[in-house]
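> Here's a structure for you.
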Amino acid sequence: MCNGPGPAGNHDPVPRVNTASAVRDDRRAVWSWALYDWGNSAYSTVVIAGFFPIFFKQYWSVGVEATESTYWLGVANSAASLLVALMSPVLGALADQLGRRKGMLFVFACLGVVSTGCLFLVEKGAWELAAVVFVCSLVGFSGANLFYDSLLKVVAGAERVDRISALGYSLGYLGGGLLFAVNVWMTLSPATFGLADAAQAVRISFLCAAGWWAFFSIPILLFVAEEHRASVSTRVAVSASLRELHRTLTHLRSLRQAWTFLLAYWLYIDGVDTIIRMAVDYGLSIGLESTDLITALLITQFVGFPAAIVFGRIGERIGARQGVLIAIGVYICVTVYSVFMQSAWQFYVLAVVIGLVQGGVQALSRSLYARFVPAGRQAEFFGFYNMLGKFAAVLGPVLVGWTALFFDSNRIGILAVLVLLIAGGALLLRVDVAAGEREAQAFR
């Protein structure tokens, strides 16, 4: 129906749309969504990979044996990852069925932001409290990411999902790296910022990460719209999620190559994530200076962005499976080499090498799996893939920590990562890409 007369008093059969306004709203939603990645990447860079491992070992675990603090850091990482992995299917179903993705993102982001800020309050020597607060912050971070990812298609649509996903990814690298660089400057020159010492600078950095994350979460909450669905009970939504999970597992059993790849992916990506989370702790354990380790992290951060693009193109030339195998081979060499590492310059070299393959192994894994997904089943199968990704860093950190504690050697402990990388690579060698594509095409 028409809402009013058109020109010359005639009814206009087509509703008038302010195209310029619609485009502005669309762009605003896209940038608001992407800015959340800019904001929360400060947590993954400043807290997870950067200052928390250093402070946990040198400040909160003062007087504790290095191998023991490594063990408990591994337990904290694994516990948080396992908790989120177990919750993710139910949380995802609730968000989908209730149409309340932004509301649930807000709840988990608040948990993450508040917990990150509370790290500032943890006193020296209180490693138990630091571990508990860190687990809470990591659950908030990972849980919020579930709903952030689910909003991608809301702002992008199917035709622009790759481009806008890459926008968020790139802003995350830049935003996290920018704040981290400023925080590193604070720790190297605390007097410049009116701070007493490097320890105070690190504690202030936790507040900076929390504030940065909170501030850049505002646009996605204000300017990204989502559809609201009819209200259903929590029990119904949970039951639906479990049925969906069972259906996907049933389908995967008939797709042998996809199933083999997923097992391989879980193993080798667990190894990759473990290296990311435990690298700084390991460097401290073998006597490297914290400033050198932080510099190495900055190198990895800024090498990783362009390298991921280049590595992806290499994968296009030689095949995604071969590209992932090369990356796994690099990580195996890095792990073995790290056992004999003695000086900071060697850690810098490793930082560059890891930066070259870190983004590539994740991007090529996703594109390889896409070849095994039947047409029309993308959401179902990638939902399981994303859930499996949440289990990454569940086994690895605690395995490294337990091995280090058992042998009383962090150098031996880091070798535990080889079990995951080699097992994952061996399974990936058994994946037949052509056969997997045929299975996907024949799937009914």
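The values are calculated or read from the model by the stated rules, or taken from the named source; none is laboratory data. Source: prediction; values computed, not measured. When we count neighbours, we look across all protein chains shown, and the Cβ atoms used for this are built from the backbone with ideal geometry, even at glycine. Quick note on the areas: whole protein, heavy atoms, side chains included, nothing else; ligands and nucleic acids left out. Shrake-Rupley method; radii C 1.70, N 1.55, O 1.52, S 1.80 Å.
> Which sequence of 101, 366 reflects their accessible areas, 1.4 Å probe, from the largest down?
Working: 101 15, 366 125 Å².
Final ranking, largest accessible area leading: 366, 101.
> Simple spin-label model, 7 Å along Cα-to-Cβ: residue 235 to residue 191 in nm?
6.7 nm
> From largest accessible area down, sort 215, 56; use a 1.4 Å probe on the protein chains. Present the calculation step by step, with values, prior to reporting the outcome.
Details: 215 130, 56 0 Å².
Solvent-accessible surface, decreasing: 215, 56.
> Could you tell me which trypsin sites (Lys or Arg not before Pro) in the range 116-223 are loop residues by DSSP with no more than 15 other beta carbons within 10 angstrom of their beta carbon?
On the way: sites: 124, 153, 160, 163, 203; in loops: 124.
Here the sparse-neighbourhood loop sites are 124.
> Looking only at the range 250-293, which residues have a backbone nitrogen under 13 Å from a spot 7 Å from the Cα of residue 442 in the C-beta direction?
It comes to 254-257, nothing else.
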